[in-house]
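Quick notes on the structure that follows.
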Amino acid sequence: MVVDFPKRVVHGGTGKRQQEKTSKKVLDFSASVNPSPPRFTWELDPDRLAAYPDDTYSELKDRIGNVFHRDPSEICVGNGSIELIRVFCSVLFRHSSNNRSFSLEPPTFGEYALSASLAGATQARDPSAAAVTFFCNPNNPTGLLTPKTEVLRHLHAATEHGGMLFCDEAFIELADPGESVADVIDPSLFVLRSLTKSFSVPGIRFGYGFGDPAFIEKIETARSPWCVNAYAEAYAMEALLHMDDLAVSRDVIEKERTLLASGLQALGMRCTPSQVNYILADYGKNVAGLCEMLAQKGILVRDCTSFGLPTSIRVAVRTRDENRILIEALAACVL
């Protein structure tokens, strides 16, 4: 029997695989993580590895609740934000909804459509009738940040027809947390967050979300038991105490982003005005060859063909010296 099954989504962050493949040092501009994360001391009691984590994650949720002024019953946690996207869709479409349709505005993160499809949903022909609207803020790959007032208009539109708004704020701490809707309590709103981008620890895999207690309870039931391992939990407990330190990161990112964008534009690329730690740059022609030439130089960028943008690359904002290396390598490839 032939089954129409969706294909995996293409992601950046392939530096580890490339380094293992070539045994050469790699500069990975395809992974959009904080180039200047807060530094702090933290530790894990080895004895904690001898026991299962507390599957209610009560201490962790209390810490998140204290930081964001939310009740623990409104908080879910997961093994990375992608697990929560998957579980959200499973709960909404497979277990509790007759309307199995979603809407989103491309280009955007591919995991929304994939997770919805895996749960049996289809993209709505009429976005105003969708069961859920996926909204990424700041958007990936464009880096555009939508003001809170506009996000609330999207929420109102979803509420009017009985739908939900799924707002992914994985990068908002590196843009402007003042535009977050994590403080908005509404049964039609689910807000997704991540520590791993802001603190530059993608290997930890830790995500969390805010929503209506009844819906959160379903997510907590549907997710894998003990989904946050003891190592990730210990790191998150400490990192959550350093959220204010990310103001320094935002200042660094803004300065380096301005210089990097200027360098890209000087090479003839057209940059979308990003407000976060990555830049979408249009090369003007298919980027496959360009990405391959850069890879041969040990530099990875995100080919945006999978976003429907075959003439664009997405590059992370890294340190001053690393950004200069990228511009020099690009110049050698395009000039």
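Taken over region 279-323, the criterion of being free of Cβ contacts under 8 Å to residues at least 24 places away in the same chain and more than 23 Å from the chain's Cα centre (by Cα) is satisfied by 288, 289, 292, 296, 321. Out of region 118-148, which residues are within 23 Å of residue 91 (Cβ to Cβ), touching a residue at least 40 places away in the same chain (Cβ under 8 Å) and either assigned to a strand (DSSP E or B) or β-branched (Val, Ile, Thr) (or both)? Within region 118-148, just 132 meets the criteria. Of the residues 287, 301, the single one that is over 26 Å from residue 249 (Cα atoms), surrounded by 15 or more Cβ atoms within 10 Å (Cβ to Cβ) and not acidic (Asp, Glu) is 287.
Going by the conditions given, is residue 115 under 17 Å from the mean Cα position of the chain (by Cα), in a helix (DSSP H, G or I), small (Gly, Ala, Ser) and modelled with pLDDT of 95 or more? Full working, then the answer.
Details: under 17 Å from the mean Cα position of the chain (by Cα): yes; in a helix (DSSP H, G or I): yes; small (Gly, Ala, Ser): yes; modelled with pLDDT of 95 or more: yes.
Taking the combined requirement at face value, the residue satisfies it.
Looking at region 98-110, can you tell me whether even one residue there is part of a strand (DSSP E or B), farther than 28 Å from residue 275 by Cα and in the same structural domain as residue 142 (by TED's automatic domain parsing)? Scanning region 98-110 turns up at least one residue that is part of a strand (DSSP E or B), farther than 28 Å from residue 275 by Cα and in the same structural domain as residue 142 (by TED's automatic domain parsing).
Got a number for residues in region 277-335 being charged (D, E, K, R) and either touching a Lys or Arg at 6+ places or on another chain (Cβ under 9 Å) or at positive phi (or both)? Give the steps one after another, and end with the answer.
Initially, region 277-335 is screened for residues charged (D, E, K, R), giving 282, 285, 292, 297, 302-303, 314, 318, 320-322, 324, 328.
With the extra rule that they be either touching a Lys or Arg at 6+ places or on another chain (Cβ under 9 Å) or at positive phi (or both), the set shrinks to 282, 302-303, 314, 320.
Number of matching residues: 5.
Screening residue 254 on (1) out of contact with any Pro (no Cβ under 6 Å at 6 or more places or on another chain); (2) closer than 29 Å to residue 199 by Cβ; (3) in contact (Cβ under 8 Å) with a residue 40 or more places away in the chain shows it passes everything except condition (3).
Yes/no per residue for (1) farther than 30 Å from residue 122 by Cα; (2) modelled with pLDDT under 90; (3) surrounded by 13 or more Cβ atoms within 10 Å (Cβ to Cβ):
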site	(1), (2), (3)
2	no, yes, no
6	no, yes, no
12	no, yes, yes
21	yes, yes, no
69	yes, no, no
72	yes, no, yes
76	no, no, yes
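Only one of the numbered conditions (1) β-branched (Val, Ile, Thr); (2) surrounded by fewer than 21 Cβ atoms within 10 Å (Cβ to Cβ); (3) under 28 Å from residue 279 (Cβ atoms) is violated by residue 122, and that is (3).
Just checking, does region 40-56 include any residue being in contact with a Gly (Cβ under 9 Å, 6 or more places away or on another chain), in a helix (DSSP H, G or I) and farther than 30 Å from residue 305 by Cα? Lay out the reasoning, then the answer.
Of region 40-56, the ones in contact with a Gly (Cβ under 9 Å, 6 or more places away or on another chain) are none.
The answer is no; no qualifying residue exists.
Is it true that some residue in region 155-165 is touching a strand residue (DSSP E or B) at 6+ places or on another chain (Cβ under 6 Å) and free of Cβ contacts under 8 Å to residues at least 24 places away in the same chain? No, because not a single residue in region 155-165 is touching a strand residue (DSSP E or B) at 6+ places or on another chain (Cβ under 6 Å) and free of Cβ contacts under 8 Å to residues at least 24 places away in the same chain.
In region 152-198, how many residues are part of a loop (DSSP other than H, G, I, E, B) and of a type outside the set (Phe, Trp, Tyr)?
First, the residues of region 152-198 that are part of a loop (DSSP other than H, G, I, E, B): 161-163, 169-171, 175-176, 180-188, 195-198.
Then keep just the ones that are of a type outside the set (Phe, Trp, Tyr); that gives 161-163, 169-170, 175-176, 180-188, 195-198.
Within region 152-198, residues that are part of a loop (DSSP other than H, G, I, E, B) and of a type outside the set (Phe, Trp, Tyr) number 20.
From the residues in region 220-261 that are more than 28 Å from residue 96 (Cβ to Cβ) and hydroxyl-bearing (Ser, Thr, Tyr), which one is surrounded by the fewest Cβ atoms within 10 Å (Cβ to Cβ)? Ranking the qualifying residues of region 220-261, first place goes to 258. Checking each residue in region 60-78 for being closer than 13 Å to residue 219 by Cβ and in contact (Cβ under 8 Å) with a residue 24 or more places away in the chain picks out 73, 74, 75, 76, 77, 78.
Do we find that residue 149 is of a type in the set (Ser, Thr, Tyr) and either within 20 Å of the chain's Cα centre (by Cα) or more than 19 Å from residue 188 (Cβ to Cβ) (or both) in this structure? Talk me through it step by step, then tell me what you get.
Working: of a type in the set (Ser, Thr, Tyr): yes; either within 20 Å of the chain's Cα centre (by Cα) or more than 19 Å from residue 188 (Cβ to Cβ) (or both): no.
No, not satisfied.
Is there a residue being of a type outside the set (Val, Ile, Thr), in contact with a His (Cβ under 9 Å, 6 or more places away or on another chain) and closer than 27 Å to residue 247 by Cβ anywhere in region 40-55?
Among the residues of region 40-55, at least one is of a type outside the set (Val, Ile, Thr), in contact with a His (Cβ under 9 Å, 6 or more places away or on another chain) and closer than 27 Å to residue 247 by Cβ, which makes the answer yes.
Number of residues in region 199-219 that are buried (at least 24 other Cβ atoms within 10 Å of the Cβ) and either assigned to a loop (DSSP other than H, G, I, E, B) or without any contact (Cβ under 8 Å) to a residue 40 or more places away in the chain (or both) equals 3.
The values are calculated or read from the model by the stated rules, or taken from the named source; none is laboratory data. Remember, it's a predicted structure, so these values are computed and weren't measured experimentally. Cβ coordinates were reconstructed from backbone atoms using ideal geometry, including for glycine residues, and neighbour counts include every protein chain displayed.
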